[in-house]
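Every number here is computed from the coordinates shown, using simple stated rules; none is lab data. All figures in this text were calculated on a predicted structure; none of them were measured in a lab. In this analysis, Cβ positions are derived from the backbone assuming ideal geometry, glycine residues included, and neighbour counts consider all displayed protein chains.
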2 protein chains.
Amino acid sequence: MADPQPGSRAEQRKRTEDRILDAAAQSFFAVGYERTTIRAVASAADVDPGLVMHYFGSKQDLFRRVIAAAPVPELSAEPGRAAEEILAGLTERMAAAPVASLTILRSMLTNPEAAEAVGAAATRYQANVAQAIPAADADLRAAVINAVILGVTISRHLLRSDALADAGPEQIAELLRPGITALAAGPEQGPEPE
Amino acid sequence: MADPQPGSRAEQRKRTEDRILDAAAQSFFAVGYERTTIRAVASAADVDPGLVMHYFGSKQDLFRRVIAAAPVPELSAEPGRAAEEILAGLTERMAAAPVASLTILRSMLTNPEAAEAVGAAATRYQANVAQAIPAADADLRAAVINAVILGVTISRHLLRSDALADAGPEQIAELLRPGITALAAGPEQGPEPE
DNA sequence: TGGTTCATTGAACAAGCGTTGAATGAACTG
DNA sequence: CAGTTCATTCAACGCTTGTTCAATGAACCA
């Protein structure tokens, strides 16, 4: 599945499609779904608005294409090590949050499609986390962990909270460690069962 | 500052204004700023769109009026008790989250005005929290606490995460307790500093 | 080379938006 | 009661939006 011949029609098309996709991703990420206009995307990609429609069908489809590039974090942990894996994943994501993921987050509160994407990803992630938590309320605990990660990510990357944006990923992860550990450990049940 | 005479012109105006404000709040909360239309608000309030403009000036001003009703959580805590007060405040807010606050949250990622409101409230709240934390990185800790609260609130009320929406406020607060406590306590420094 | 495909453009459409300003008629004021 | 205020409506403007469709010209294939 190599790139088509340079200068060929197919290659030119791919170049243009990618330019549009890039411009769209940038705009969706920067201002969200509603404030992004086909015209602005086309202009940023140095292309006619009609071409955007011709290639991607509709604004909604274009949005779908952009957010389809969002990697869904996979996580499979064994009980006891769950907290560390969660923190490691969070650290990694804080260091380099992909544009597609942030685009979804930016639009999730106003765009049903984005909300659904977030919901689906959250459900998968929560299921994986919950299975590693030895507690009756594992689902709730996983949901809270998810909420915490969501809040930190939004504050840091979208709201650009000064304190959070300036701090290093490991520093933030360190501060979250006690809470995540407690959430992933399950209920305390007196001194060392067994 | 009693209500004006019933049936009077002033009273009638107030009634209408309130009806518009209610409809606007509901719409802003439900679908956010961009998807809310003056026409829809007017229709819901059984009023002509022109009247909305006449009374509130512009859509942006109407939005301002709605979010001006959002209570800013005040918090002044002494070191050591900070965590409990934070958790108490969070519990309270989870039990009855005011529409205005949720409206701001809904729009904060796409509307600059809402983002500013969130930022301002967050800054004030963080300052209060930080002052009660005995640590060099108190600001960062306060920011993380804020982010956690933000994430939980969004997940619960806006994303309607099943697990979180079904759980009781106290239950969630209980799960959050270890993390918040650790954040508000400052760095551990060996066994019981005297 | 001649015909077809297709990337790309330009102009336009219909719908919806926020917003305006004149018109109406009932509530006020003197 | 006459005159003014003002809550409310109606119709319209100008703009932007997503979207469509015919036209163009270069790349492709036989």
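Copy-to-copy label distances for A:GLU11, where each label lies 7 Å from Cα along Cα-to-Cβ, are 8.0 nm in order of increasing length. Taken over the Cα atoms of the stretch A:38-79, the convex hull encloses 83 Å³ per residue. If only the Cβ of Lys and Arg carry +1 and only the Cβ of Asp and Glu carry -1, the dipole of the protein assembly as shown around its Cα centre is close to 1900 debye.
Scaled against the 2.2 N^0.38 Å expected of a compact globular protein of N residues, the Cα radius of gyration of the stretch B:9-67 reads 1.00. Once the convex hull of all Cα atoms in the protein assembly as shown is built, its volume per residue stands at 181 Å³. Inter-copy label distances at A:ALA136, shortest first and taken from points set 7 Å along Cα to Cβ: 4.5 nm. In this Cβ point-charge picture (+1 for Lys and Arg, -1 for Asp and Glu), chain A has a dipole of about 960 debye about its Cα centre.
Using bins 10 angstrom wide from zero, how does P(r) for the stretch A:58-134 break down, in % of all Cα pairs? P(r) for the stretch A:58-134, in whole percents per bin: 18, 44, 29, 9, 1. Ranking B:VAL152, B:GLN171, B:PHE63 by how far each Cα lies toward the positive end of the dipole of chain B (charges on Cβ) leaves B:PHE63 at the top.
Across the stretch A:82-185, the volume of the C-alpha convex hull divided among the residues equals 88 Å³ per residue.
Mean-square fluctuation check for chain A, GNM, Cα pairs under 10 Å: which of A:MET53, A:MET108, A:MET94 is largest? For chain A, modelled as a Gaussian network with Cα springs under 10 Å, the answer is A:MET53. Summarised as an ellipsoid, chain A has semi-axes of 39, 17, 15 Å, derived from the eigenvalues of the Cα gyration tensor scaled by 5 and square-rooted, with the largest first.
Remark: relative contact order (the stretch B:82-185) = 40 percent; criterion is Cα-Cα distance under 8 angstrom and separation of 6 or more residues. With runs of 4+ DSSP H residues as the only contributors, calculate the mean residue ellipticity of the protein assembly as shown at 222 nm using -39,500 (n - 2.57) per run, divided by the residue total and rounded to the nearest 500. Estimated from H runs of four or more residues: -21500 deg cm²/dmol.
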